Amino acid sequence: MTEVRVRFAPSPTGYLHIGGARTALFNWLFARKQGGKLILRIEDTDVARLKEDSVSQIITSLKWLGIDWDEGPEKGGPCGPYYQSERLEIYQRYAKELIDAGKAYYCFCTGEDLEKEREKQRLAKQPFRYGRTCRELSAAEVEKRLAAGAKPSVRLKIPATGSITVDDLIHGSVTFNMDQFDDFVIMKSNGIPTYNFAVCIDDHLMGMTHVLRAEEHLPNTPKQMLVYEALGWQPPRFGHMSMILAPDRSKLSKRHGATSVEEFRSQGYTHQAIVNYLTLLGWGPGDEREIFSPAETVAQFELEQMSKKAAIYDTKKLTWLNGQYLSLLPLEELLPETAPFFLQAGLVDEKWLEENKEYFARLVDVVRVRVKTLQEIAEASTYFFRPIEEYDAKGAAKHFKPEAAELLDECAAALAALPVFDLAGTEAAYNALAEKTGLSLGKLVHPTRLALTGRTVSPGLFDVMVLLGKEKTLQRLAAAAAYIRARA
């Protein structure tokens, strides 16, 4: 059986976005399920749109997501170079072969010539089709123009009639009429290949058995099949993943929260949640589960299970998933991912983290269950490191009535009497005080929470007390009581 070989071939014109990450992920899942190889290829011939640090950012994002490749940048392999910019001679050689075989031809039409032709067709309300002006130029005329220093493009000769059918692994048979196409350019006049030409040569020479990509590439596939036919090569199997649409079913854009993997990482999303979410954008395990690992997906993954319907992008679902992972992930995996957010917020420094590993672990473990992102863990922890400068206004109006001052004094006294300041002791002290005063536990807890955190929502109150420590807890209760009396 032929080894499965698939590729992820990003253009480094920006950082790795959600759509590209999903394409990389599904290729990775398919390769791992089939025991095949994933090749990373950088399609960097669009010089005008290249961004200098894009390749390093794409590689960093793939590594962070856990998507590894078998050949390509940083790995090498037998089919390199893996950057298209280093393969220009290869494309030029095959273009010359097609010209010599009469399957392609030099086009000397200028941009101005083409614009005039386009305008005529526009006025006639016709779609633009190149009129094959240079297709029948004599060999002598071609040589004369080349000798005069002309810099032509190269166009592929294609049939004017008929149809071509793509046997898509996800969408089934899709037929295109040939009258949709013209003799399209395969090499630009600057010696750079067009996408539809370079990708065929690379996929063939790199031994791709399958090409799995976004549905937006489906209209390119007939052109690529024509290139394969002209070169006498067997095309790979094609599979086009369903589109990702915004919640209103419009085209996805940044205004819908579609952003780069790196931005999601900087906002405190875990790679586990992002990978899980991307998997759900086009595939499901066949049951009601929404949380599953890449290993579980690989074990079940089949292309036939991929949805033909557009996937709906929803950051609320991603954020919910992220919250689930914050609760589920082993603490030792979460701590190194969380620490940068505490450093960035200025709550701690590297020295503090090194000297307070146990405390930091307890803090993160307590806070993580009530938040949705790593960034929110840091934001929800500020009162452990900084004094309370103000109290939540609505909370103060509700819980800091004049009588609350004396109540907080009683709470402080009960806590001060504890020989051991731990979860069991603090909770027992509050239960005893509730019984003594005849108040519900909530009547004690709410003003205490506001006094200790400045907020009406926090992790479990007794966890907060223990993490603050006895001295700081008593100081904040006294400060809140004084604040209430000053307002009375």
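The values are calculated or read from the model by the stated rules, or taken from the named source; none is laboratory data. The structure presented is a predicted model; accordingly, all values stated were derived computationally and were not measured. All Cβ positions, glycine included, derive from the backbone under ideal geometry; neighbour counts span all protein chains shown. When the accessible area is computed, the model is the full protein with side chains, heavy atoms only, and any ligands, DNA or RNA have been set aside. Shrake-Rupley method; radii C 1.70, N 1.55, O 1.52, S 1.80 Å.
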Quick one: in segment 182-195, of everything that is part of a loop (DSSP other than H, G, I, E, B) and either in contact with an Asp or Glu (Cβ under 6 Å, 6 or more places away or on another chain) or of a type in the set (A, V, I, L, M, F, W, C) (or both), which residue is nearest to H217 (Cα to Cα)? F184
Can you pull out the residues in segment 133-191 that are open to solvent by less than 70 Å² (accessible area, probe 1.4 Å), farther than 17 Å from A95 by Cβ and acidic (D, E)? E141, D168, D182
Of the residues that sit in segment 442-458 and are open to solvent by 60 Å² or more (accessible area, probe 1.4 Å) and in a helix (DSSP H, G or I), which one is farthest from P387 (Cα to Cα)? K443
Output yes when any residue across segment 35-55 is of a type outside the set (A, V, I, L, M, F, W, C), part of a loop (DSSP other than H, G, I, E, B) and at positive phi, and no when none is. yes
So V348, is it without any contact (Cβ under 8 Å) to a residue 60 or more places away in the chain and either within 25 Å of L38 (Cα to Cα) or among the aliphatic types (A, V, I, L, M) (or both): yes
Odd one out for K401, checked against (1) buried (at least 20 other Cβ atoms within 10 Å of the Cβ); (2) not in a helix (DSSP H, G or I): (1)
Taking segment 214-256 as the region of interest, how many residues are farther than 18 Å from K157 by Cα and either of a type in the set (A, V, I, L, M, F, W, C) or within 21 Å of the chain's Cα centre (by Cα) (or both)? 24
Report whether or not Y277 is under 22 Å from I170 (Cα atoms) and in contact (Cβ under 8 Å) with a residue 24 or more places away in the chain. yes
Quick check on segment 360-383. Is at least one of its residues touching a Phe, Trp or Tyr at 6+ places or on another chain (Cβ under 9 Å), part of a helix (DSSP H, G or I), open to solvent by 20 Å² or more (accessible area, probe 1.4 Å) and among the aromatic types (F, W, Y)? no
Restricted to segment 21-54, and to residues that are among the aliphatic types (A, V, I, L, M) and at pLDDT below 95, which residue is surrounded by the fewest Cβ atoms within 10 Å (Cβ to Cβ)? A48
